[in-house]
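A short write-up of the structure that comes next.
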């Protein structure tokens, strides 16, 4: 007599999928599996560019990788400093992964800038706004180097102390990192920075903003656009939705763009990016807000979201890097 088939055990809460964007991430009710952006590469001196990198611990929650261009004459040259927040939808990526490491080895050498690439806590384990809090701590740490050195200051970095030109302090990021950079500048407007520090400009690469209003680029990929909205709601579970001021800087209740605490902004967009028109709207709204600074926009023809990290040697990526370099050094 054949044995009766055994019923499979009931699915546990651990197997309930809350969000997925394959092949990058799958969020279950009680765990997260990341398949992209978690790889680690050690800091080093890049043989091709001569750019040196080193890692620093800023606080129990925050660290960073610094990139210092080769100084051929060994001098104490002062360089623009770029505090950079990586993207990844607040849930992916790392300042220590091979993609960003390779990018900054090339970019720091091209632009001749000192880069502070920030490692912040990721959602959903640390939901938004944790990334903003960590990013602010990193900026405050950078600015703390303007203070006179203490007798025993183990948290003071010699590269920043020796080479940062704080009259050329920039914030930047791509995708969610642009969102973070925007909010850091808005917090500077509200609270200021220690030691009289000022942000000279923002570099906004393919910014991750949303909204319930429809824009033409939403139709470039409706599936991706829908996924981005779902992503936001999972990574910021206390959100009111796509018109939350954290993800839509144009809504009532958002800090006024006119108060943005910098004098210059560069917005880079990709023609084929579903977020293209959100980035364009940021540029347009900023210029129309009464903000007294100088805004620029540059579009990569035919390219999609964060293409420069996927195709760093393509003609458009090289051109975008040159635009950003010129912006930082002007």
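The values are calculated or read from the model by the stated rules, or taken from the named source; none is laboratory data. Remember, predicted model here, so these are calculated numbers, not experimental data. Don't worry about glycine lacking a Cβ; one is built from the backbone with ideal geometry, like all the others, and counts go over all protein chains shown.
Exactly one of these conditions fails for residue 126: (1) outside any helix (DSSP H, G or I); (2) at pLDDT 95 or above; (3) over 18 Å from the mean Cα position of the chain (by Cα). Give me its number.
Every listed condition holds for residue 126 apart from (3).
Being free of Cβ contacts under 8 Å to residues at least 40 places away in the same chain and over 29 Å from residue 105 (Cα atoms) is the requirement here; does residue 281 meet it?
Criteria not met by residue 281.
I'm told residue 258 meets every condition in (1) farther than 17 Å from residue 176 by Cα; (2) touching a strand residue (DSSP E or B) at 6+ places or on another chain (Cβ under 9 Å); (3) assigned to a helix (DSSP H, G or I) except one. Can you identify the failing condition by its number?
Going through the list (1) farther than 17 Å from residue 176 by Cα; (2) touching a strand residue (DSSP E or B) at 6+ places or on another chain (Cβ under 9 Å); (3) assigned to a helix (DSSP H, G or I), residue 258 breaks only (2).
Would you be able to say whether some residue in the stretch 304-322 is in contact (Cβ under 8 Å) with a residue 40 or more places away in the chain, buried (at least 19 other Cβ atoms within 10 Å of the Cβ) and within 15 Å of residue 185 (Cβ to Cβ)?
The answer is no; no qualifying residue exists.
Quick one: is residue 269 touching a helix residue (DSSP H, G or I) at 6+ places or on another chain (Cβ under 8 Å), crowded, with 18+ Cβ neighbours inside 10 Å, farther than 25 Å from residue 95 by Cβ and touching a residue at least 40 places away in the same chain (Cβ under 8 Å)? First the steps, then the outcome.
Details: touching a helix residue (DSSP H, G or I) at 6+ places or on another chain (Cβ under 8 Å): yes; crowded, with 18+ Cβ neighbours inside 10 Å: yes; farther than 25 Å from residue 95 by Cβ: no; touching a residue at least 40 places away in the same chain (Cβ under 8 Å): yes.
So residue 269 does not fit the description; no.
Which ones in the stretch 183-216 are over 15 Å from the mean Cα position of the chain (by Cα) and within 22 Å of residue 273 (Cβ to Cβ)?
210, 211, 212, 213, 214, 215, 216
Looking only at the stretch 87-114, which residues are under 17 Å from residue 306 (Cβ atoms) and without any contact (Cβ under 8 Å) to a residue 60 or more places away in the chain?
93, 94, 95, 98, 104
All but one of (1) part of a loop (DSSP other than H, G, I, E, B); (2) within 19 Å of the chain's Cα centre (by Cα); (3) modelled with pLDDT of 95 or more hold for residue 118; state the number of the condition that does not hold.
It fails just one condition, (1).
Every residue, every condition in (1) modelled with pLDDT under 90; (2) assigned to a strand (DSSP E or B); (3) loosely packed, with under 15 Cβ neighbours inside 10 Å, yes or no:
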position	(1), (2), (3)
11	yes, no, yes
14	yes, no, yes
36	yes, no, no
66	no, yes, no
72	yes, no, yes
81	no, yes, no
93	no, no, no
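Just checking, which of 156, 198 is without any contact (Cβ under 8 Å) to a residue 24 or more places away in the chain and surrounded by fewer than 21 Cβ atoms within 10 Å (Cβ to Cβ)? Before you say what the answer is, go through the steps one by one.
Numbers: 198 fails: without any contact (Cβ under 8 Å) to a residue 24 or more places away in the chain.
Unique residue meeting the criteria: 156.
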